[in-house]
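Student: Take this structure, written in structure tokens, and hold onto it; I'll ask about it next.
The values are calculated or read from the model by the stated rules, or taken from the named source; none is laboratory data. As the structure is a prediction and not an experimental result, all values here were calculated from the model. For neighbour counting, all protein chains shown are included, and Cβ atoms are generated from backbone atoms with ideal geometry for every residue, glycine included. Surface accessibility is based on the protein's heavy atoms, side chains included, excluding ligands, DNA and RNA. Shrake-Rupley method; radii C 1.70, N 1.55, O 1.52, S 1.80 Å.
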Amino acid sequence: MAEKWASAYERQHPAVAVTVQGGGSTAGVRAALSGAAQIGLSSRALTMDESGQLRSVVVARDGIALVVHPTNPLSGLARRQVERIYAGAFRSWSSVGGHDLRVTAITREEGSGTRAAFESLVMSKSQIAKSTLVQDSSGAVRQMVSNDPAAIGYISIGLVDHSVKALRLDGAAPTEVAIDAGQYPLVRPFLFLLPPAKSQQSADFVAWVTGPQGRALARSEGLLPPSEEASRALR
Amino acid sequence: MRFADRFVEHVLRMLAFSSIMTLLAITFFILREGAPLLFEVGLGNFLSTDWHPTAGRYGIAAMLVGSIAVTAGALAIGVPLGIACAIVLGEMSPPWLRLILKPTIEILAGIPSVVYGFMGIVVVLPWIRQHLGGPGASGLAGAIILGVMILPTIIAISLDALRAVPRSYREGSLAMGATDWQTIWRVVLPAARSGILAGVILGVGRAIGETMAVVMVTGNAVQVPHSPLDPLRTLTANLALEMAYAADDHRAALFATAIVLFLGIVVLNALAGLVRGRQGRHRSWSSLSRATSSGRASVPAPAPSMVSR
């Protein structure tokens, strides 16, 4: 995503070069702290220690939808039920009001930002069971779920399509409206991290990314832009 | 002329060494990246069944078991099929049938592994789920897919071994009044035994190294499987799944996983070379080296049969 922003920004501002380097959220935080990068990128919230030294700006959000096979009669689950499913406590869908089918839970691999967000937002008291199937992308999870009537998985909202059914969580549907209203709880922010003494160049870039063009680009990539209020507060 | 000769010789020698250098570079690199972690966390941690790298627990035992289980299953399926196919091709089929079968097997070798994986997802997994139970994604699914994928390796090298059995053996056996089948079973197969075994060992190498198809069908759960229907994770799958976002020690642990895998493959290839060497000088080394280099994701070109009489 950052690469898309960078190349679009460079096209409009030929004098500015934006270099993007991958490496994961921890690397992003570290680069911003050390000054190796003018802007750090992270998809996890800062720790107390880090937030003292960096300012974070939400530049996009990714909702995480719980998806099941379209033939699954359930329309929603409570967060605690999801936690117990992933902890391996329920053997059958009948425990949560579904058919008498064995539950096949699918998770993302360790190190994935989506998994980290899911763990911190849902698995508050327990760990994901060892018998849980693992796939390494939202697309692969969707593929597995769409092929198995007993499966449940979690994927980026941007990737939900007709091959799977997105569940309500605590009564709220995974939509942008519900997310903006704070009703749908599974959202992870994509952050830009800035040192206190930021350069004019990086401030310009952040303003552009959170402005109309950056927002449109985020949307075209299947992400949600930051909420309108948050962006207004920034400007 | 002599200058040109020597020039070509030098160029070829350099090219030959560059492949060895690549191997050395790979060895050095994975050791440098992975070995420090082994000393840091200790073998006890590394060989436990507890893999939770973001929490500092790096046990790969479950994956080791997974790799061995899937490979054993693949052999149980691929070896009988492969040897049967080689016998039919080498001993029993008229030329026209050979003309159909051989190219078909070569095509089998040329199908990308992601296609095998996809076939697994849409055909094998639902079948297992409906008829045998469990989540479908399982060691059994991996074994079935890999069993088919190692067929070309086993067939090509077994066929080579069968062809290398001197004609006089067959003639002698037939002259004694043995039937065709008795000749194959009692004379030709035992004579080709070590070549066939080498083919099997190379098949093992291919099965252990295969990644994409396995990631797609085995479910990748980090647990020691208790039944063929349980999902499991192999060493290669561990690397492929987690390398993208791994950092620091997590990344080092993946390289340490690669060291284990690498050692396994080196031992297997050496074993295959030894076993094959025993069969004598007239064996074709060209086919061995070709099949060896295809140990991982690439595809073995079925070896041309070299028959020395």
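Student: Using only Cα atoms, locate the centre of the stretch A:1-43 and the centre of the stretch A:121-150, then give the distance between them in Å, rounded to an integer.
Tutor: 30
Student: With unit charges on the beta carbon (Lys/Arg positive, Asp/Glu negative), name the residue among B:VAL124, B:ILE100, B:GLY205 whose Cα is farthest towards the positive pole of the charge dipole of the stretch B:64-246.
Tutor: B:ILE100
Student: Okay, next question. Among A:GLY98, A:VAL206, A:LEU169, whose Cα sits farthest toward the positive end of the charge dipole of chain A (+1 at Cβ of Lys/Arg, -1 at Cβ of Asp/Glu, about the Cα centre)?
Tutor: Selected residue: A:GLY98.
Student: Working from Cα positions, state the angle (0 to 90°, nearest 10) between the long axis of helix A:200-210 and the longest principal axis of chain A.
Tutor: The two axes meet at around 30 degrees.
Student: Check each residue of the stretch A:76-108 and keep those whose accessible area, probe 1.4 Å, is at least 20 Å² smaller with all protein chains in place than in the chain alone; give them in order of residue number.
Tutor: Residues meeting the cut-off: A:ARG102.
Student: So how much accessible surface do A and B hide from each other in total, probe 1.4 Å, in square angstrom to the nearest 100?
Tutor: 2000
Student: Sticking with this one: Compare each residue of the stretch A:123-145 in its chain alone against the assembly with all protein chains, and report those whose accessible area goes down by 20 Å² or more; 1.4 Å probe, heavy atoms.
Tutor: Checking the loss per residue gives A:GLN127, A:LYS130, A:SER131, A:LEU133, A:VAL134, A:GLN135, A:ASP136, A:GLN143, A:MET144.
Student: Okay, next question. Quick check: the angle from helix A:138-147's long axis to the longest principal axis of chain A, C-alpha only, nearest 10 degrees?
Tutor: Long axis of A:138-147 versus the principal axis of chain A: about 20 degrees.
Student: Another question, then. What number comes out for accessible area per residue over chain A if the probe is 1.4 Å? Units Å², please.
Tutor: On a per-residue basis, 46 Å².
Student: Compute the distance from the alpha-carbon center of the stretch A:176-232 to that of the stretch B:21-53, in whole Å.
Tutor: Cα centres, the stretch A:176-232 to the stretch B:21-53: 39 Å.
Student: Pick from B:TRP51, B:TRP185, B:TRP96: which is most flexible by mean-square fluctuation in a GNM of chain B where alpha carbon atoms under 10 Å apart are linked?
Tutor: For chain B, modelled as a Gaussian network with Cα springs under 10 Å, the answer is B:TRP96.
Student: Within the accessible area of chain B, what % is carbon and sulfur when the probe is 1.4 Å and the other protein chains stay in place?
Tutor: So the carbon and sulfur contribution to the accessible surface is 71 percent.
Student: Kindly provide the pair-distance distribution of the stretch B:64-246 built from C-alpha pairs, with 10 Å bins from 0 and whole-percent values in order of increasing distance.
Tutor: The distribution over the stretch B:64-246 is 10, 33, 28, 18, 9, 2, 0, given as percents.
Student: Quickly estimate the mean residue ellipticity at 222 nm for chain B, helices only: each DSSP H run with n ≥ 4 gives -39500 (n - 2.57), and the total goes over all residues, rounded to 500. Intermediate results must be reported in sequence, preceding the final value.
Tutor: Details: 13 runs with 205 residues, N = 309.
Computed mean residue ellipticity for chain B: -22000 deg cm²/dmol.
Student: Select from chain B the helices, each a whole stretch of DSSP H, whose alpha-carbon atoms run 20 Å or more along the helix axis and whose Kyte-Doolittle mean is at least 0.5; answer none if there are none.
Tutor: For chain B, where a helix must reach 20 Å along its axis and average at least 0.5, the hits are B:2-46, B:61-87, B:95-110, B:193-209, B:248-277.
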